[in-house]
Amino acid sequence: MIKLLFRIVGYRLFQRFGFPRLMPMNYTFSLTYHCNSHCKTCNIYERKTTDMTLDEWRKVFKNLGRSPFWITISGGEPFLRKDIADICIEASRMCRPAIINIPTNGIMSERIVAAVKRIVEGCPKTQIVINLSIDGIGEQHNQIRGVPRNYEKAIRTFNQLRKLDAPNLSLGIHTVISRFNVGNFAAIANKLLSLKPDSYITEIAEEREELLTVGKNISPQMIEYRSAVDWLVHRIKNERFKGQARITQAFRVEYYNLVKRILRDQTQVIPCYAGITSAQIAPDGEVWACCIKAKSFGNLRSFMYRFKPIWWSHAMKAERRLIRNKECYCPLANAGYTNMLMDMPTLMRVFWRSYIRWWR
């Protein structure tokens, strides 16, 4: 924790003065664009590329060293990669992250459970977070995801993962709030919360270059979204959480309030550290500052899998300056949580909700 605090101070100095030059702490590794869902909120399956192999990912991890604190393994559907367990184990062994987070549509129950079992056993010192993506109850979820019986299969996967006896496994449920489900979000959340996941998180549907959804009109109206998350925030505030869950839920409240302000003000509400604290690597090795723009600053295959030459390039420096000047904004959750960690007023409110308020 002390090391993380020093890094936070270093990142703040880096954004303002350009030094000390630090590697990111939050990485998203997209293993594939292939997906067995055809969601109304995501067209990523239409992207075509040549995925990096396990050996190529090993070279990437070796060059990243111990810089990752939090890794997200994404897709497409990441469990379509038959070597996903090997990739996660190598990332844990070589980079020693505190957390590896893996979202999944939960369709392939047997494959997912077998892979997760290997991952938690092979990464004993890393917290493994599996988030099942569920956007509705029953047929509504099937229609949004474009797959018959998707809801039934996701619930089966959830129940089977629940049976795994692993202290480093956390099982969550993730809902994308879109114009297709915002009207009955409270009923959806109530049902999913009754399953008692270790965490329940939501994210607003966004128009992203990565997902090929720009201009697709998938986001909910601001008033509808505010109503949905206000209900969720009220529920969180009236629950009694213990231990780490208190901190997690306090950050959730902050994130939902942050998104509402971003949608209202149409600007960065707190400074964005994409391109400083967070980065994304696409399946073919392209390095991005964030997935909203999906703008490549170089391909790892062209740099002998060395991340640093791309990270310290003039193009990336220009992108950091653009972000620092608030020439872009978005409510992206992955970067958003890292940004909140860098913002002192947010941390003070999280401390208040996590410790002082719940002690009373």
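The values are calculated or read from the model by the stated rules, or taken from the named source; none is laboratory data. Quantities reported herein were computed from a predicted structural model and do not represent experimental measurements. Glycine gets a Cβ as well: all are built from the backbone with ideal geometry, and neighbour counts include every protein chain shown. Note: areas computed on protein heavy atoms with side chains; ligands, DNA, RNA excluded. Shrake-Rupley method; radii C 1.70, N 1.55, O 1.52, S 1.80 Å.
I'm checking my understanding of the structure. Among residues of segment 63-109 that are without any contact (Cβ under 8 Å) to a residue 40 or more places away in the chain and of a type in the set (D, E, K, R), which one is farthest from residue 305 (Cα to Cα)?
Ranking the candidates gives 82 first.
Regarding segment 183-193, can at least one residue be identified that is more than 27 Å from residue 354 (Cα to Cα), surrounded by 18 or more Cβ atoms within 10 Å (Cβ to Cβ), in contact with an Asp or Glu (Cβ under 9 Å, 6 or more places away or on another chain) and small (Gly, Ala, Ser)?
No, segment 183-193 contains no residue that is more than 27 Å from residue 354 (Cα to Cα), surrounded by 18 or more Cβ atoms within 10 Å (Cβ to Cβ), in contact with an Asp or Glu (Cβ under 9 Å, 6 or more places away or on another chain) and small (Gly, Ala, Ser).
Check 136, 183, 172 and return the single one that is in contact (Cβ under 8 Å) with a residue 24 or more places away in the chain, in contact with a helix residue (DSSP H, G or I) (Cβ under 6 Å, 6 or more places away or on another chain) and small (Gly, Ala, Ser).
Of the residues listed, the single one that is in contact (Cβ under 8 Å) with a residue 24 or more places away in the chain, in contact with a helix residue (DSSP H, G or I) (Cβ under 6 Å, 6 or more places away or on another chain) and small (Gly, Ala, Ser) is 136.
Looking only at segment 79-94, decide whether some residue is of a type in the set (Lys, Arg) and not in a loop (DSSP other than H, G, I, E, B).
Checked segment 79-94: at least one residue is of a type in the set (Lys, Arg) and not in a loop (DSSP other than H, G, I, E, B).
In segment 93-109, what count of residues is obtained for those that are open to solvent by less than 10 Å² (accessible area, probe 1.4 Å) and either touching a Cys at 6+ places or on another chain (Cβ under 7 Å) or not aliphatic (A, V, I, L, M) (or both)?
The number of residues fulfilling the criteria is 7.
Residues 112, 73: which one is of a type in the set (A, V, I, L, M), farther than 15 Å from residue 34 by Cα, open to solvent by less than 10 Å² (accessible area, probe 1.4 Å) and not in a loop (DSSP other than H, G, I, E, B)?
112
So which residues in segment 115-136 are open to solvent by less than 60 Å² (accessible area, probe 1.4 Å) and either part of a helix (DSSP H, G or I) or of a type in the set (A, V, I, L, M, F, W, C) (or both)?
115, 116, 119, 120, 122, 123, 128, 129, 130, 132, 134
Quickly run through segment 302-359 and pick out the residues that are under 14 Å from residue 258 (Cα atoms), of a type outside the set (A, V, I, L, M, F, W, C) and surrounded by 15 or more Cβ atoms within 10 Å (Cβ to Cβ).
Within segment 302-359, 329, 331, 334, 336, 337, 338, 339, 343, 346, 349 qualify.
Can you pull out the residues in segment 1-31 that are in contact with a strand residue (DSSP E or B) (Cβ under 9 Å, 6 or more places away or on another chain), open to solvent by 20 Å² or more (accessible area, probe 1.4 Å) and of a type in the set (S, T, N, Q)?
Hits for segment 1-31: nothing passes.
With touching a residue at least 60 places away in the same chain (Cβ under 8 Å), over 19 Å from residue 172 (Cβ atoms) and of a type outside the set (Asp, Glu) as the only criterion, which of 201, 218 stands out?
None of the others qualify; the one that does is 218.
Looking at 294, 289, can you tell me which residue is more than 29 Å from residue 190 (Cβ to Cβ), free of Cβ contacts under 8 Å to residues at least 40 places away in the same chain and either in contact with a Lys or Arg (Cβ under 8 Å, 6 or more places away or on another chain) or open to solvent by less than 30 Å² (accessible area, probe 1.4 Å) (or both)?
289
Scan segment 253-283 for residues that are in contact with a Phe, Trp or Tyr (Cβ under 9 Å, 6 or more places away or on another chain) and open to solvent by 30 Å² or more (accessible area, probe 1.4 Å) and jot them down.
Once the filter is applied, which keeps residues that are in contact with a Phe, Trp or Tyr (Cβ under 9 Å, 6 or more places away or on another chain) and open to solvent by 30 Å² or more (accessible area, probe 1.4 Å), segment 253-283 yields 263, 265, 266, 267, 269.
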